[in-house]
1. I'd like the carbon and sulfur percentage of the solvent accessible area for region 92-171, probe radius 1.4 Å, heavy atoms only, ligands and nucleic acids excluded.
2. What does the highest-first list of 277-288, 41-52 look like by mean Cβ count within 10 Å?
3. Please compute the length gained on full extension between ILE333 and LEU303, using 0.36 nm multiplied by the number of residues separating them and subtracting their Cα-Cα distance.
4. With the cut-off at 1.5 for a/c, could you classify region 1-98 from its C-alpha gyration tensor as rounded, prolate or oblate?
5. Measuring with a 1.4 Å probe in the full set of protein chains, what accessible area per residue, in whole Å², belongs to the chain?
6. For a quick check, take a GNM of the chain with Cα springs below 10 Å and name the residue from LEU170, LEU137, LEU198 with the largest mean-square fluctuation.
7. What net charge do the residues around TYR264 carry, taking every other residue with its C-beta under 11 Å from that of TYR264, with Lys and Arg at +1 and Asp and Glu at -1?
8. For the chain, which longest stretch is free of loop sites, where a loop site is one of the chymotrypsin sites (Phe, Trp or Tyr not before Pro) that DSSP puts outside H, G, I, E and B and that has at most 14 other Cβ atoms within 10 Å?
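The values are calculated or read from the model by the stated rules, or taken from the named source; none is laboratory data. Model, not experiment: these values are computed from the prediction. Counting neighbours? That spans all protein chains shown, and the Cβs are built from the backbone with ideal geometry, glycine included. Remember, those area values only see protein heavy atoms, side chains included, never the ligands or the DNA or RNA. Shrake-Rupley method; radii C 1.70, N 1.55, O 1.52, S 1.80 Å.
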Amino acid sequence: MAYEVTIGIPLYKSKDYIRQTMLSALNQSCEQLEILVVDDCGNDGSLAIVEDLQEHHPRGKDIHILHNDGNKGVGPSRNRLIEEAQGRYLYFLDSDDVIEPNTIELLLTTIKKHHAEVVYASYEKVDQVNNAEPSLLFQYTKQVFRHEYELATYAFRNYGKFQTSVCNCLIDLTFLRESKLRFIDAMFWEDMAFTYELVTRVRRAVLLPDVTYHYLCRPYSLSNYQDREQLNHEEILKNVSTIDYLKWQCVKLREKPYIPYMCYNLEMNSFYIVCHVLKHAHQIVPAISNSELHQYMHFPLPLKRVLSFRRKFWGNFCLWFIAHLPTALFIPIIKFIGRKKGVL
């Protein structure tokens, strides 16, 4: 049958959660719905639960399963969803989260009404690690973007209020495929990289205040850091590599009107990574040198371009200046600023 929407679910070690996730997808009011699951070889019994629903649920015929030949990670699994989804629109759902019964119908109605390429709805974060009460709401005011650069400028200017998760947004699949946008192969922050690139390519988008997604922050998930006695050097490098990838995108986009906000956000992410390393230096094995830390904060654009910024000038100029200090001065300055900000 012709599907209006594909809900794409990468599946890896979610046996305690996948049934409720699948049922929240199967209980959608939207009828022309494909549920496409990518089995990423977690081998924990998750797949058997999906197969049981495929066989016995009234909508089981609309559950389709793809099998990776080995554990590939969430980025490559989502790329398979982009390539093989049968719907006109694609909605990413993580295998341990749940959505409201009207989620897809609401987003589908909105994306058609506004001829949009993407629609974002609001979500709730349920912290099961620290038992935080109440849950955190990330709620937009309704906004419609109709012109080039509008969404990117809003997203980078309101970085703390704009979600970097790719879940809970409905994307026009033709637009996505023609843009050739794909997830990078990274263990951490692949969502952030995809979101940063996506907003720079979208012309028409809508933000909705409706809370339609419940994001479960559970122990030992890839998206949640745990307190550990030892941190791996390689893990830090994987975080840095995603930021570096986006900094190179800044070079390509350096003339765009939103680039001052984008640069500032990325450089502040680098600053917080450096502060995190300094704070937990005794736990990181093998140790990270000061010169390596210095390199983490390299600024993507030359001073001449920074001096031309009309927005976020002082923030970017200060970050550029700090990045170009000698290492012997760089570390004390970072420590001083980190203490002032309460992160060290």
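1. Of the solvent-accessible surface of region 92-171, carbon and sulfur hold 47 percent.
2. 41-52, 277-288
3. Stretched fully, the ILE333-LEU303 segment lengthens by 8.8 nm.
4. Oblate, because a/c is 1.5 or more while a/b does not exceed b/c.
5. Here the residues of the chain average 48 Å² of exposed surface.
6. LEU137
7. +2
8. 1-219
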